[in-house]
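Engineer: Quick one: this structure, given as C-alpha cells, is what I'll be asking you about.
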Amino acid sequence: MDLGYLSVQLFNGLVNGAFYALLSLGLAIIFGVLGVVNFAHGAVYMLGAFAAYLLLQQVGIGFWPALLLAPLGVALLGVIVERLLLRRVYGLDPLYGFLLTYGLTLFIQDAMRLRFGIQGQPYPTPTELSASVSLGVVGYPVYRLFVIAFSIAMCAAVWFLIERTRLGMVVRAATERGELTRALGIDVDRWVTAVFAFGIALAALAGVLAAPMRNVAPLMGSELIILTFAVVVIGGMGSIVGAVAAGFLIGALASLGAVWSPALENVIVFALMAVVLLVRPAGLFGAREAT
Amino acid sequence: MSFYGTSVSEAFDEKGRFDMKRVIALAMVAAVMAAACGAAAPSGGGAPATAVKLTSGKLVMGVINDQSGVYADLSGKNAVEAVKMAVEDFKAKYGDNALGGPIEVITADHQNKPDVASSKAQEFYERNNASVIFDVPTSSAALAIAKVAGDQKRLYINITAATTDLTGASCNKYTFHYAYDTYMLAAGTGKWVTENLGKQWYIIYPNYAFGQDMEKSFRSAVTKFGGNVIQSDGSPFPNQTGDFSQLLLKAGQLKPQVLGAMQAGGDLVNVVKQYNEFKLKDQGIKLAIGLLFDTDITAIGQDNMAGVVYTTPWVWSMDDQAKSFADKFLKRTGIRPTFAHAANYSAAWQYMEAIRRAGTDDADAVVKQLEGYKFNDFFIRNGQIRAEDHWVMHDALLAQVKPSSEAKEKFDYSKVLGTIPAETASRPLADANCKK
C-alpha cells in the first residue's frame with residue numbers, strides 16, 4: 001500500500017471528519033448551555049439537506065445561497081421548537097430532554113417520509129466545484145476539498161466567536177461551569193434560544209454540504225447521529241475544541257482503517273469510544289475530572 | 001320437476017298428448033333464461049369443475065415487507081395495495097364468491113429484521129390463519145420466513161428478496177420464488193457488460209446475504225462470459241456514514257474496466273452519486289449495476305443514470321398490457337409501479353387462480369396446481385413454475401436508462417433493449433441443489 005494512496009484516503013477521512021466536526025460542535029454547544037442532549041441533531045442535518053433540495057427545486061436557488069439560507073430557515077424552526085417545547089424540560093432529568101428530542105426526530109423523519117418517500121432526492125454538485133484535481137495517484141473531486149476547507153473555516157469562525165466575543169464568553173462559562181456562571185449573576189437564559197438555534201444551524205449547514213454527495217433521504221441523519229454521539233463522547237461531553245478535534249481525528253482514523261478492511265470503518269469509532277471511556281472517562285479534551 | 005317456473009308436464013296438452021310446438025317453445029324459454037342467469041352470475045372462461053371450498057370459510061393472504069425503512073418505496077405499502085387490487089379485479093372477473101368466501105389481505109412491517117419477519121409470519125399462519133404470505137424484501141428476512149412456511153406447511157411466495165438460496169439450499173415444498181433472483185440479474189447484466197463494456201471487473205457488494213449472493217452470481221457470470229473479477233470488497237451493511245469513497249478510490253487505483261456495484265436502495269444511490277463525483281467514468285471505469293429499481297433512478301436523477309444498462313423482470317412501459325396495469329396503479333397510488341409492485345399483483349392473482357383450479361386453499365393441493373404450471377400475464381411472460389425447486393421461470397428484460405429528453409412523461413425512465421429468454425434467465429436446475 002503506497003503512501004500517496006494512503007494520503008488520498010486521508011482526505012476522505014477528513015471529509016467525513018468535517019461532518020462529524022460540524023455536527024458534534026453543535027451538539028456540544030447545545031449540551032453545554034441547555035443541558036439537553038439533542039437527539040434530533042441527525043434529523044436537523046437531514047432537514048438542512050432537504051432545505052437545499054427544496055430551494056433548488058421549488059425556487060431555483062442554487063447551492064451557494066442555500067449555504068446561508070437553509071441553516072437560517074432551520075434556525076428559525078429551532079427558535080420555535082425551543083420556545084414551545086424544549087424550554088419545558090430544562091432542569092428536569094436529562095432523560096426528559098432526550099425523550100423529547102427523540103420524539104421530535106421520529107416526528108420529523110416520518111413527516112418527511114410521508115411527503116418525499118424513503119428513497120431520496122437528487123441534488124447536483126455546484127458546477128464551479130464539479131471538476132476533479134489530480135492528487136498524484138488519483139483524481140480527487142474539488143468539491144470534497146471545498147468541504148474540508150469550508151468546515152475548517154467554519155469551525156475556526158465558531159472558535160473565534162466563542163473565544164473572542166461576549167456571547168462566546170457566556171457560552172464558554174455556561175458550558176464549563178453552568179451553576180457558577182448563573183451564581184455570578186450572568187443571565188444565561190437570555191442566550192439559550194440563540195445558542196440552540198445556532199447549534200442546529202450548524203447541523204443544517206452540514207446537511208447542505210452533504211446534499212451533493214450523499215443520498216438526500218429522510219433517514220440520512222438517523223445513522224450518522226449515532227456515530228456523532230460517539231465522537232462527542234470521545235472528544236469530551238461539552239468540550240468545544242474536543243468536539244472539533246475528535247471529529248476530524250475519528251474521520252481520518254476510520255477511513256484509514258477502512259483501507260485495511262472496509263468493515264473496520266464503523267468498528268474503529270466504537271472501539272475508540274470504549275477505550276476512551278475506560279482510560280479517560282471525561283473524553284480526550286474533557287474537563288480534568290469526570291463530570 | 002320445475003324449471004324456471006315451467007315444468008315438463010306443460011309440454012303435454014290438456015288431453016295428455018305430447019305437443020311438439022310447445023316443447024320447442026318451452027326449450028327456447030328455458031335456454032334464454034339460462035343464458036340470462038349465466039350472464040348475471042359470471043363464471044369466466046374456465047369455470048372450476050367443482051365449487052371452491054375454503055378450509056376455514058375465508059381466504060386470508062398476508063403481505064410482509066418493509067414499510068418504514070430503505071425498501072419501503074420499492075415495495076412497501078404500495079405492494080399491499082397491489083395485492084388488494086388483484087383481489088378486487090379477481091372478484092370483478094369471477095364474482096364476489098369466486099373462492100367460496102371472503103378474501104382478506106393482512107399486512108405487517110418486518111423492518112428488514114429476520115427475527116421480526118419470522119415471528120410475524122408465525123403469527124400470520126397460526127393466529128390469523130393466513131394461507132399464503134407474499135413479498136418480503138431483504139434476503140435474510142425472506143430466508144427466515146421460508147423456514148416458517150416449511151415448518152407450518154403453508155405457502156410463501158417470495159417476490160422482492162433476490163437470494164437464490166430460496167430455491168437452492170434453503171428451498172422447501174411450500175416456498176416459491178417469483179419475479180427475479182441474483183442469477184437472473186447476473187445472467188443479463190453480467191453477460192452484456194462483459195461482452196460490451198469490459199472484461200476486468202472490480203465488484204463491491206453490501207456485506208449480507210443479498211450482497212454475498214449477488215457477488216457469487218456475478219462472479220460466475222462474468223467468468224463464464226470471458227471476463228475476470230480482479231477483486232471484490234464487501235461494504236458494511238447498514239453503511240452508517242453513507243460514504244463509499246474508500247472503495248471508489250480503490251477502484252481508481254485498481255483501474256478495472258468495470259465497477260460492479262451490487263448495493264441496493266439508498267446504498268446504491270450513494271455509490272452512484274459518489275462514482276459520478278470521483279469521475280471514475282472519465283478514467284475509463286464503467287459502472288455496472290446489479291439491481292436497479294425505478295425509485296433508485298428518481299433519487300439519483302434520470303440524467304445522471306442515462307445510458308446505464310441493467311436487467312429487470314419488467315418495465316411498466318414495455319407494452320400495452322403492462323401499461324394498462326401501470327395506469328390503474330398510478331390512479332390508485334399516485335406513482336408508477338416498480339416491478340416489485342407489479343409482481344405482487346401478479347403473484348396474488350396466480351395464487352387465487354390456483355385455488356380455483358384446486359377447489360381448495362389447502363396448501364398441498366395448491367402446490368400441486370402451481371407446480372409445472374405454464375402461464376402468461378401482464379407481468380410474467382413465458383412463465384413456468386419449475387416443479388423441482390419452485391423457481392418461477394420467465395423472460396427477463398435487458399433495459400437501458402434513457403435521458404430525460406427522451407422521456408414521454410414522469411417516471412418514463414427506461415427503454416427495453418432486448419429479452420433474455422426464460423431458459424437463459426433461470427439458474428440451471430443442476431446448480432440449484434434443492435432437496436425439498
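We did not get these values from a lab; they are worked out from the coordinates using the rules stated. None of the values given here were measured: they were computed from a predicted structure. Positions of Cβ are generated from backbone atoms using ideal geometry, with glycine treated the same way; all protein chains shown enter the neighbour counts.
Engineer: Put a dot 7 Å past each Cα toward the Cβ at B:Ala365 and B:Val116; how far apart are the dots in nm?
Structural biologist: About 3.7 nm separates the two model spin labels.
Engineer: Can you show me the helix-derived [θ] at 222 nm for the protein assembly as shown, built from DSSP H runs with n ≥ 4 at -39,500 (n - 2.57) apiece and divided by the number of residues, rounded to the nearest 500. If you can, show how the numbers build up before the last one.
Structural biologist: On the way: 27 runs with 383 residues, N = 727.
The per-residue figure over the protein assembly as shown is -17000 deg cm²/dmol.
Engineer: Which residues' amide hydrogens lie under 5 Å from the amide hydrogen of B:Val229, considering only partners 5 or more residues apart or on another chain, with H built in the peptide plane?
Structural biologist: Under 5 Å from the amide H of B:Val229 lie the amide H atoms of B:Trp201, each far enough along the sequence or on another chain.
Engineer: Which of the lysines could a cross-linker bridge to B:Lys368, judged by Cα under 30 Å and excluding same-chain residues fewer than eight apart?
Structural biologist: Partners within reach: B:Lys53, B:Lys58, B:Lys84, B:Lys91, B:Lys93, B:Lys120, B:Lys147, B:Lys153, B:Lys173, B:Lys435, B:Lys436.
Engineer: Determine Rg/Rh for the protein assembly as shown; Rg is computed over alpha-carbon atoms and Rh is the Kirkwood hydrodynamic estimate from the same atoms.
Structural biologist: On the way: Rg = 30.8 Å, Rh = 28.3 Å.
Answer for the protein assembly as shown: 1.09.
Engineer: Taking the DSSP beta bridges in the protein assembly as shown as the whole, what percent of them are antiparallel, to the nearest 5? Each step should come with its number before you reach the end.
Structural biologist: On the way: 22 of 57 bridges.
Roughly 40 percent of the beta bridges in the protein assembly as shown run antiparallel, per DSSP.
Engineer: Give me the net charge for the shell around B:Tyr205: Cβ to Cβ below 12 angstrom, other residues only, Lys and Arg +1, Asp and Glu -1.
Structural biologist: On the way: positive: B:Lys216, B:Arg219; negative: B:Asp213, B:Glu215, B:Asp233, B:Asp267.
Summing Lys and Arg as +1 and Asp and Glu as -1 gives -2.
Engineer: Oh, and also: What is the dipole size for the protein assembly as shown, taken about its Cα centre, with +1 at each Lys and Arg Cβ and -1 at each Asp and Glu Cβ, in debye to the nearest 20? All intermediate terms of the calculation are to be shown ahead of the outcome.
Structural biologist: Numbers: 61 positive and 60 negative charges, 53 e Å.
Using only the charged Cβ atoms, the result is roughly 260 debye.
Engineer: So, one more: Starting from region B:111-140, pick out the chymotrypsin sites (Phe, Trp or Tyr not before Pro) whose DSSP state is loop and whose Cβ has at most 12 other Cβ atoms within 10 Å. Display every interim value, and only then the final one.
Structural biologist: Values: sites: B:Phe124, B:Tyr125, B:Phe134; in loops: none.
Passing sites in region B:111-140 do not exist.
Engineer: Taking K and R as +1 and D and E as -1, what net charge do the other residues with C-beta under 13 Å from the C-beta of B:Ala358 add up to? Mind dumping the intermediate values first?
Structural biologist: Numbers: positive: B:Lys53, B:Arg356, B:Arg357, B:Lys368; negative: B:Glu353, B:Asp361, B:Asp362, B:Asp364, B:Glu371.
Residues close to B:Ala358 contribute a combined charge of -1.
Engineer: Okay, next question. Peptides B:65-71, B:321-327: what's the order by average Cβ count within 10 Å, highest mean first?
Structural biologist: Working: B:65-71: 24.6, B:321-327: 16.9.
Result, highest mean Cβ count within 10 Å first: B:65-71, B:321-327.
Engineer: DSSP beta bridges in chain B, what fraction antiparallel, as a percent rounded to 5?
Structural biologist: 35
Engineer: Here is a follow-up. Can you pull the mean other chain C-beta count within 10 Å for peptide B:360-371? Don't skip to the answer; put the middle values down first.
Structural biologist: Details: counts 0, 0, 0, 0, 0, 0, 0, 0, 0, 0, 0, 0.
For this peptide, the per-residue mean of nearby foreign Cβ atoms is 0.
Engineer: Relative to a virtual label point 7 Å from the Cα of A:Asp2 in the Cα→beta-carbon direction, which members of region B:237-263 show backbone nitrogen distances below 12 Å?
Structural biologist: B:253-254
Engineer: Stretched out fully, how many nm does the piece from B:Ala430 to B:Glu88 gain, at 0.36 nm a residue minus the Cα gap? Intermediate results must be reported in sequence, preceding the final value.
Structural biologist: Values: separation 342, 0.36 × 342 = 123.12 nm, distance 3.96 nm.
Full-extension gain reported as 119.2 nm.
Engineer: Let me confirm one metric for peptide B:272-282, namely the mean number of other chain beta-carbon atoms within 10 Å of its residues' beta-carbons.
Structural biologist: 5
Engineer: Which of the trypsin sites (Lys or Arg not before Pro) across region A:184-291 are loop residues per DSSP, with 10 or fewer other Cβ within 10 Å? List each step's numbers first, then the result.
Structural biologist: Working: sites: A:Arg190, A:Arg214, A:Arg288; in loops: A:Arg214, A:Arg288.
Listed in order of number, the matching sites are A:Arg288.
Engineer: Quick check for you: which residues of region B:359-377 have the amide N under 12 Å from the point 7 Å beyond the Cα of B:Lys53 toward its beta carbon?
Structural biologist: Residues passing the 12 Å test: B:359-362.
Engineer: What number, in percent, do you get for the relative contact order of region A:1-146 if the mean sequence gap of Cα pairs under 8 Å and at least 6 apart is divided by its residue count? It would help to have the intermediate numbers written out before the result.
Structural biologist: Values: 96 pairs, mean separation 41.7, N = 146.
29 percent.
Engineer: If r is the Cβ-Cβ distance from B:Asp96 to A:Ala183 and R0 is 60 Å, what FRET efficiency results, to the nearest 0.05? Working shown, then result.
Structural biologist: Numbers: r = 77 Å, r/R0 = 1.29.
Calculated value: 0.20.
Engineer: Please label the shape of region B:183-312 as rounded, prolate or oblate, based on the square roots a ≥ b ≥ c of the eigenvalues of the alpha-carbon gyration tensor (a/c under 1.5 means rounded; beyond that, a/b larger than b/c means prolate, else oblate). Write down the numbers at each step before the final one.
Structural biologist: Values: a/c = 1.23, a/b = 1.20, b/c = 1.03.
Rounded is the answer for region B:183-312, as its axis ratio a/c remains below 1.5.
Engineer: What does the charge count near A:Ala254 come to, summing +1 for each Lys or Arg and -1 for each Asp or Glu among other residues with Cβ under 12 Å from its Cβ?
Structural biologist: So the environment of A:Ala254 carries a net charge of -2.
Engineer: Which order do the peptides A:60-68, A:113-121 take when ranked by the mean count of other beta-carbon atoms within 10 Å per residue, highest first?
Structural biologist: Working: A:60-68: 15.0, A:113-121: 19.4.
Result, highest mean first: A:113-121, A:60-68.
Engineer: Lysines near B:Lys191 by alpha-carbon distance under 23 Å, same-chain residues fewer than 8 away left out - which ones?
Structural biologist: B:Lys199, B:Lys216, B:Lys224, B:Lys255, B:Lys281, B:Lys286, B:Lys402, B:Lys415
Engineer: Then there's this: Want the number for A:Gln58 to A:Ala149: 0.36 nm per residue separation, take away the alpha-carbon distance, what's left?
Structural biologist: Numbers: separation 91, 0.36 × 91 = 32.76 nm, distance 2.91 nm.
Fully extending the segment from A:Gln58 to A:Ala149 adds 29.8 nm.
Engineer: Please compute the Kirkwood hydrodynamic radius over region B:55-146, one decimal place, Å, based on all pairs of different Cα atoms. Before the final figure, lay out each step's value.
Structural biologist: Details: mean 1/r = 0.0739 Å⁻¹.
Evaluated over region B:55-146, this radius sits at 13.5 Å.
Engineer: With N set to the number of residues, divide the alpha-carbon radius of gyration of region A:3-279 by 2.2 N^0.38 Å and report two decimals. Don't skip to the answer; put the middle values down first.
Structural biologist: On the way: Rg = 18.5 Å, N = 277, 2.2 N^0.38 = 18.6 Å.
Rounded to two decimals, the normalised Rg is 0.99.
Engineer: Continuing with the same structure: Suppose R0 equals 60 Å. What FRET efficiency, 1/(1 + (r/R0)^6) with r the Cβ-Cβ distance, do B:Lys173 and B:Gln283 give to the nearest 0.05?
Structural biologist: Numbers: r = 51 Å, r/R0 = 0.84.
Taking R0 as 60 Å, the efficiency between B:Lys173 and B:Gln283 is 0.75.
Engineer: Now for a separate question. Subtract the Cα-Cα distance of A:Leu95 and A:Leu72 from 0.36 nm times their separation in residues, and report this length gain in nm to one decimal.
Structural biologist: Computed gain between A:Leu95 and A:Leu72 is 5.4 nm.
Engineer: On to the next question. May I ask you to derive the FRET efficiency for A:Ala274 and B:Lys153 from their Cβ-Cβ distance with R0 = 45 Å, giving the value to the nearest 0.05? Could you put the intermediate results ahead of the total?
Structural biologist: Values: r = 47 Å, r/R0 = 1.04.
Here the calculated transfer efficiency is 0.45.
Engineer: Still on this structure, I have one more. What residues have an amide H closer than 5 Å to that of B:Met318, excluding those fewer than 5 places away on the same chain, when H is modeled at 1.01 Å from N in the peptide plane?
Structural biologist: Hits under the 5 Å cutoff: none.
Engineer: Report the Rg/Rh value for chain B, based on alpha-carbon coordinates and the Kirkwood definition of Rh.
Structural biologist: Details: Rg = 25.7 Å, Rh = 23.4 Å.
Reported Rg/Rh, Kirkwood definition of Rh: 1.10.
Engineer: Using a 10 Å cut-off on Cβ to Cβ distances, tally the other chain neighbours for every residue of B:69-75 and report the average as a whole number.
Structural biologist: 4
Engineer: Apply the Karplus curve 6.51 cos²θ - 1.76 cosθ + 1.60, θ = phi - 60°, to the phi angles in region A:261-278 and return the couplings in whole Hz, x for Gly and Pro.
Structural biologist: 7, x, 5, 5, 3, 7, 4, 3, 4, 6, 4, 4, 4, 4, 5, 4, 4, 6
Engineer: Taking H as built 1.01 Å from N, whose amide H comes closer than 5 Å to the amide H of B:Thr107, not counting residues under 5 places away?
Structural biologist: B:Val63
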